[in-house]
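Only one structure is covered here, and it is reproduced in the block below.
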Amino acid sequence: MANDQSKKMKARERVFSGAQPTGNMHLGNYLGAFRNWARMQADYDCIYCVVDLHAITTFQDPETLRDNVRDAAAAYIASGIDPEASILFSQSQVPAHAELAWIFNCVARLGWLNRMTQFKDKAGKHKERASVGLYIYPTLMAADILLYKATRVPVGQDQKQHLELTRDIAQKFNNDFGVDFFPIVEPAILEEGARIMSLRDGRQKMSKSDPSDYSRINLTDDAGAIAKKIRKARTDADPIPDNLEALKDRPEALNLVTIYSALADLPLKRVCQEFSGKGFAEFKAALSELAVEKLAPITAEMSRLKGDPAYIDGILAAGAERANDLAAPILKEVHRIIGLTS
């Protein structure tokens, strides 16, 4: 059965993406990633991964990590990822990810990794104390994508540099060994309004790691929590303008309008026109109602799925079997190309 399903995955362009299981999945994850992943299933053969090997670049409590992997899988499914139509698995269940990453460590150049701004951001002033895994994180990301010869990768702006490194690695591998083996991947352009910012600071991306729970709307929040967080969200005293240009220097206002736009599937300018001249008390009430309407079914489905961990484990195991079927021949050919086998 797994082999038959894997063969069907050859007809269309292949998409790969994943998210780390490092805490509560939130509105930014849903609007910026999961919803788009679900929509891509209609046009692409999709492989979606819970990237638990990436998560351990910083210390994770083992029991919490196990729970977070299941929670992430539940969030994917509740957001519309169909584990029958797509392949859904956790990264560590396919050992070829780590093996190809080591091979890419030997292809990538130190200077390329030194330019990765995300390592500098995450390591901060204490880079000497950061794990080697955090430093070479981008080569594992390249392996994640190229292991399946994915050609489309939905990424946010903060991951664009890593995708460029993936392209560099693929190109250097092909050039070094005189082959046309790995594809030069392309980013899948995310929809307008996909970048969701903190409810407490419109200049910072909504994040699981923010110490304030009021900075984000978690996908597990109930209606009351959603309404309270939106009501307390930072704004300014001016009403909503009738054009986007007037929001340019109002990051908190722009963020709330952006969230409404994304949830309602309306252009930003249409939201401005609809609420032009209205204050944020009225707008926040409308946004709360819309957010609860859109997120309540996701929250309920996540709760149902999380109540049956064996079911989630079964989905991840089946997905890993399918992913291994796809990865094995590609890694075998890599071995032959570089001389590890005949």
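The values are calculated or read from the model by the stated rules, or taken from the named source; none is laboratory data. Because the structure is predicted, anything quoted here is derived from the model rather than measured. Counting neighbours? That spans all protein chains shown, and the Cβs are built from the backbone with ideal geometry, glycine included.
The condition of being assigned by TED's automatic domain parsing to the domain that holds residue 145 and either in contact with a Gly (Cβ under 9 Å, 6 or more places away or on another chain) or at pLDDT 95 or above (or both) holds for only one of 11, 73, that being 73.
Is region 224-233 home to any residue that is touching a residue at least 24 places away in the same chain (Cβ under 8 Å) and closer than 30 Å to residue 83 by Cβ? Among the residues of region 224-233, at least one is touching a residue at least 24 places away in the same chain (Cβ under 8 Å) and closer than 30 Å to residue 83 by Cβ, which makes the answer yes. Could we say that residue 128 is free of Cβ contacts under 8 Å to residues at least 24 places away in the same chain, over 20 Å from residue 51 (Cα atoms) and in a helix (DSSP H, G or I) here? Here the answer is yes, as residue 128 does meet what is asked. So how many residues does region 248-269 have that are more than 27 Å from residue 299 (Cβ to Cβ) and at pLDDT 95 or above? Within region 248-269, residues that are more than 27 Å from residue 299 (Cβ to Cβ) and at pLDDT 95 or above number 2. Of everything in region 38-60 that is over 13 Å from the mean Cα position of the chain (by Cα) and part of a helix (DSSP H, G or I), the residue that is surrounded by the most Cβ atoms within 10 Å (Cβ to Cβ) is 53.
In region 213-228, which residue that is under 23 Å from the mean Cα position of the chain (by Cα) and part of a helix (DSSP H, G or I) is farthest from residue 201 (Cα to Cα)? Out of the qualifying residues, it is 226. Could you check region 243-283 and list, in sequence order, the residues that are over 27 Å from the mean Cα position of the chain (by Cα) and either hydroxyl-bearing (Ser, Thr, Tyr) or loosely packed, with under 14 Cβ neighbours inside 10 Å (or both)? Those that are over 27 Å from the mean Cα position of the chain (by Cα) and either hydroxyl-bearing (Ser, Thr, Tyr) or loosely packed, with under 14 Cβ neighbours inside 10 Å (or both): 243, 245, 249, 270, 276, 277, 278, 279, 281, 282.
Scanning region 171-193 for residues that are in a loop (DSSP other than H, G, I, E, B) and either within 21 Å of residue 288 (Cβ to Cβ) or at pLDDT 95 or above (or both) yields a total of 7. Applying the criterion of at least 3 residues that are of a type outside the set (Gly, Ala, Ser) and under 30 Å from residue 71 (Cα atoms) to the helices (runs of 4 or more DSSP H) found wholly in region 239-329 leaves 251-264, 280-306.
Tallying residues that are touching a residue at least 12 places away in the same chain (Cβ under 8 Å), of a type outside the set (Ser, Thr, Tyr) and assigned to a helix (DSSP H, G or I) within region 83-119 yields 15.
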